[in-house]
């Protein structure tokens with residue numbers, strides 16, 4: 001179990017000694033470097049230097065007492081937040097990193113996600129979009145499978161300032177959602193439910209196309225993210241064609 005925890009900590013930037021000291025800190029709480037050295041089995045100089053480095057990086061705090069410094073680790077939840085930030089930063093930089101590769105090394109990237117948690121990860125990826133979101137979706141189907149969709153996803157999209165243009169079936173839910181466009185930083189155009197009763201959702205953003213399919217049960221749910229400048233641009237053009245059609249239907 002301890003080895004598993006150390007492996008996780010090392011994956012978020014700790015070396016072996018730092019991981020050992022962090023786990024020790026969760027057990028001993030606020031204590032001087034000498035106590036950390038004794039509990040972890042590390043020598044005092046190594047322990048002191050590692051703790052000071054962890055303080056500098058924000059993973060430990062300290063207070064000065066009569067007999068020196070007492071150290072304490074930050075809450076585990078902080079590590080999760082930092083890891084998430086790092087993952088988001090990496091995703092934002094991915095286009096630039098991939099552009100450094102020679103043309104013969106670049107190829108489309110396809111990621112497949114299964115189940116409800118997988119679908120959530122696809123939605124989370126759209127929240128780092130630098131461009132507007134173009135979207136085909138059935139407003140009723142999405143909210144049926146995800147009752148908290150508006151509060152958990154739409155509100156987060158708005159908080160990130162990501163504008164959405166969408167096409168949806170003209171049913172009761174579609175009309176209600178359309179009526180709230182200004183509030184939620186979007187413009188939705190409705191099309192005939194009889195002719196276009198979408199069963200899955202497609203999102204186009206940056207150089208990506210995300211496809212989300214809700215099945216009758218969780219094991220049938222899946223999501224796909226295709227990362228390709230050419231594929232995304234073609235899908236963007238097809239969306240614009242559909243957008244114009246939807247605009248004529250509205251008039």
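The values are calculated or read from the model by the stated rules, or taken from the named source; none is laboratory data. Quick caveat: nothing in here was measured; it's all calculated off a predicted structure. Every residue, glycine as well, gets a Cβ built from its backbone with ideal geometry; the counts of neighbours run over all protein chains shown.
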| request: Could you list, in sequence order, all residues of the range 49-61 that are in contact with a strand residue (DSSP E or B) (Cβ under 7 Å, 6 or more places away or on another chain) and either more than 13 Å from residue 25 (Cβ to Cβ) or part of a helix (DSSP H, G or I) (or both)? | output: 51, 54, 55
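Does residue 83 satisfy the criteria of being touching a helix residue (DSSP H, G or I) at 6+ places or on another chain (Cβ under 9 Å) and modelled with pLDDT under 75? Can you show your working first?
On the way: touching a helix residue (DSSP H, G or I) at 6+ places or on another chain (Cβ under 9 Å): yes; modelled with pLDDT under 75: yes.
The answer is yes for residue 83.
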| What are the pairs, 6+ residues apart or on separate chains, where a residue within the range 61-87 that is at positive phi and in the same structural domain as residue 30 (by TED's automatic domain parsing) has its Cβ under 6 Å from a residue that is crowded, with 16+ Cβ neighbours inside 10 Å and at pLDDT below 80? | none
| query | Is it true that some residue in the range 26-46 is more than 30 Å from residue 225 (Cα to Cα), free of Cβ contacts under 8 Å to residues at least 60 places away in the same chain, part of a strand (DSSP E or B) and not assigned by TED's automatic domain parsing to the domain that holds residue 205? | reply | yes
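Could you tell me whether any residue of the range 62-74 is part of a helix (DSSP H, G or I), farther than 15 Å from residue 18 by Cβ and out of contact with any helix residue (DSSP H, G or I) (no Cβ under 6 Å at 6 or more places or on another chain)? Talk me through it step by step, then tell me what you get.
From the range 62-74, those part of a helix (DSSP H, G or I) are none; that's our starting set.
There is no residue in the range 62-74 that is part of a helix (DSSP H, G or I), farther than 15 Å from residue 18 by Cβ and out of contact with any helix residue (DSSP H, G or I) (no Cβ under 6 Å at 6 or more places or on another chain).
From the list 187, 183, which residue is under 19 Å from residue 132 (Cα atoms) and in contact with a strand residue (DSSP E or B) (Cβ under 7 Å, 6 or more places away or on another chain)? Full working, then the answer.
Working: 183 fails: in contact with a strand residue (DSSP E or B) (Cβ under 7 Å, 6 or more places away or on another chain).
One residue alone meets the criteria, 187.
On the basis of being surrounded by fewer than 20 Cβ atoms within 10 Å (Cβ to Cβ) and within 22 Å of the chain's Cα centre (by Cα), does residue 198 make the cut? Step through it out loud before you land on a result.
On the way: surrounded by fewer than 20 Cβ atoms within 10 Å (Cβ to Cβ): yes; within 22 Å of the chain's Cα centre (by Cα): no.
Spelling it out, it is not the case that residue 198 is surrounded by fewer than 20 Cβ atoms within 10 Å (Cβ to Cβ) and within 22 Å of the chain's Cα centre (by Cα).
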